[in-house]
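Everything on this sheet refers to the single structure shown next.
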């Protein structure tokens, strides 16, 4: 299952862009080969969610001010000896 959406535009001296996405695999593979230590006979999958934002305003012909940010969260399943082994990674950068 995959999906993406985005929008960009300009209103006067202000430009913007927004985006979001979602990707998911329900498995279909095992991350370890049969006979490998730690093999759990399940279908390992992955999920990723992300979003981004950008905003910029032109102050005059040579200067502008803006902000941008993003968010990304991944969860990946793997085999390491128990039935529910997975790794998560979250990265974001938003203006404070």
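Quick check: residue separation of residue 10 and residue 92 times 0.36 nm, minus the Cα distance between them. What number comes out in nm? Walk me through the numbers on the way to the answer.
Details: separation 82, 0.36 × 82 = 29.52 nm, distance 2.51 nm.
Contour length minus the Cα-Cα distance gives 27.0 nm.
By how many nm would the segment from residue 71 to residue 49 lengthen if fully extended, with 0.36 nm per residue of separation less the alpha-carbon distance? It would help to have the intermediate numbers written out before the result.
Values: separation 22, 0.36 × 22 = 7.92 nm, distance 0.80 nm.
Taking residue 71 through residue 49 to full extension adds about 7.1 nm, to one decimal.
Determine, for 36, 14, 25, the number of other Cβ atoms within 10 Å of each Cβ, and report the residues in order from fewest to most.
On the way: 36 10, 14 13, 25 16.
The most exposed by this proxy come first: 36, 14, 25.
Since every read-out is calculated from the coordinates, none of them should be taken as a lab result. Keep in mind that this is a model prediction, so the values were computed, not measured. As a convention, Cβ positions derive from the backbone with ideal geometry for all residues, glycine included, and neighbour counts pool all protein chains shown.
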